[in-house]
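Visitor: I'd like to ask some things about the structure below.
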Amino acid sequence: MRSSNPVFSRRGFSRDNGYAGFNTAPQAGGAAVGTQQGANPYAQNPYAQNPYAQNPYAQQDAAQYGAPQAPASAGRMTMDDVIMRTATTLGVLIVTAALAWALLPVDMGNINRSYGIAIGAGLIGFVLAMVQSFKRKASPALILAYAAFEGVFLGVLSSIVDTHIASGAAMQAVLGTMAVFAAVLFAYKMRWIRVNRRFAGFVMAAALGFVLLMMVNMLFAVFGGGDGLGFRSGGMGIMFGIIGVLLGACFLALDFKQVEDGIAYGAPREESWLAAFGLTLTLVWIYTEFLRLIAILNSND
């Protein structure tokens with residue numbers, strides 16, 4: 001699985017790369033389905049095989065609840081690692097967003113300068129994210145730098161929307177993002193969402209079409225003026241905003257699956273930075289879609 005994010009391609013824990021993939025739970029008494037000794041970079045991990053093979057109910061539990069989690073060992077990714085790295089990445093993003101909000105005025109006399117800084121920071125963040133996406137290993141410095149520049153972009157954008165379009169829009173977007181995250185996590189833990197290859201393929205195809213439409217709309221807006229094809233304004237804008245939030249929710253489910261597989265199959269600890277990077281990308285996606293949706297709804301009043 002090359003990506004679970006609608007914008008950037010990043011390495012996941014798929015069996016295509018020797019990692020655990022969708023529907024590849026370890027079988028009782030054997031290695032993970034689709035892996036071979038030597039091909040799997042984690043094959044030396046004793047937990048690449050099911051540690052509960054002696055349990056007669058192990059295969060039934062694996063089929064019902066997914067891959068069993070290997071006990072923590074030195075150098076292996078744990079849930080605590082993922083939480084700490086994600087908190088660090090989001091913390092950097094939030095701090096730089098707050099500083100950008102406070103230090104870059106968005107009154108009518110300075111809005112163009114602040115908006116220019118935001119666009120520049122957004123472009124730098126995009127480049128850093130692309131570089132990390134094509135690297136074989138996680139680079140904490142690149143990931144944190146991406147978070148810092150993305151924070152500047154989001155801070156100025158949020159300040160503009162909050163000041164000139166809808167007071168309180170940023171807080172509403174934050175609450176909406178948190179609600180989506182909590183809802184998807186709960187649904188995933190309850191196994192109401194079945195993340196498999198069919199699900200991933202459908203989401204990736206939908207996201208590709210969504211991104212292409214938005215790019216076409218942006219090109220028409222840049223060269224033709226106005227709202228382009230109208231995909232980001234009025235009723236069409238509201239519809240595509242809701243679709244964008246739903247796609248973000250689907251990518252959260254894919255991110256959770258990748259984290260679960262990485263822990264269960266004993267991924268190296270540094271892979272937790274990739275998990276943090278992916279979760280940050282998805283949360284930024286959801287937040288910006290909420291912010292845009294709120295702006296459209298208030299501009300129609």
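The values are calculated or read from the model by the stated rules, or taken from the named source; none is laboratory data. This one's a predicted model, so the numbers in the text were calculated from it and none came from an experiment. Note that we place each Cβ from the backbone using ideal geometry, even for glycine, and neighbour counts take in every protein chain shown.
Visitor: Restricting attention to region 181-193, which residues are surrounded by 12 or more Cβ atoms within 10 Å (Cβ to Cβ) and of a type in the set (Phe, Trp, Tyr)?
Guide: Phe181, Tyr188
Visitor: Now for a different question. Run down Ala53, Ala118 and say which single residue is at pLDDT below 65, over 28 Å from Leu185 (Cα atoms) and surrounded by 13 or more Cβ atoms within 10 Å (Cβ to Cβ).
Guide: Selected residue: Ala53, the only one of Ala53, Ala118 that is at pLDDT below 65, over 28 Å from Leu185 (Cα atoms) and surrounded by 13 or more Cβ atoms within 10 Å (Cβ to Cβ).
Visitor: Now for a separate question. Would you mention how many residues in region 162-180 are within 14 Å of Thr288 (Cα to Cα) and surrounded by fewer than 21 Cβ atoms within 10 Å (Cβ to Cβ)?
Guide: Matching residues across region 162-180 total 6.
Visitor: Name every residue in region 238-260 that is of a type outside the set (A, V, I, L, M, F, W, C) and either more than 24 Å from Val184 (Cα to Cα) or within 16 Å of the chain's Cα centre (by Cα) (or both), in order of residue number.
Guide: Step one: of region 238-260, the residues of a type outside the set (A, V, I, L, M, F, W, C) are 241, 244, 248, 255, 257-258, 260.
Answer for region 238-260, where residues must be of a type outside the set (A, V, I, L, M, F, W, C) and either more than 24 Å from Val184 (Cα to Cα) or within 16 Å of the chain's Cα centre (by Cα) (or both): Gly244, Gly248, Asp255, Lys257, Gln258, Glu260.
Visitor: Please enumerate the residues belonging to region 151-171 that are under 16 Å from Tyr115 (Cα atoms) and free of Cβ contacts under 8 Å to residues at least 24 places away in the same chain.
Guide: Listed by number, the list holds a single entry, Asp162.
Visitor: Given (1) modelled with pLDDT under 95; (2) within 13 Å of Leu93 (Cα to Cα), where does Lys137 come up short, assuming only one miss?
Guide: (2)
Visitor: Which of the residues spanning region 181-228 are within 24 Å of Thr86 (Cα to Cα), assigned to a helix (DSSP H, G or I) and of a type in the set (Val, Ile, Thr)?
Guide: Val184, Val203
Visitor: Run down Leu142, Leu93 and say which single residue is closer than 16 Å to Ile286 by Cα and of a type outside the set (Phe, Trp, Tyr).
Guide: Step by step, each of Leu142, Leu93 is checked, and only Leu93 is closer than 16 Å to Ile286 by Cα and of a type outside the set (Phe, Trp, Tyr).
Visitor: Oh, and also: Here is a list: Phe256, Phe231. Which entry is surrounded by 19 or more Cβ atoms within 10 Å (Cβ to Cβ) and either in contact with a Ser or Thr (Cβ under 9 Å, 6 or more places away or on another chain) or assigned to a loop (DSSP other than H, G, I, E, B) (or both)?
Guide: Unique residue meeting the criteria: Phe231.
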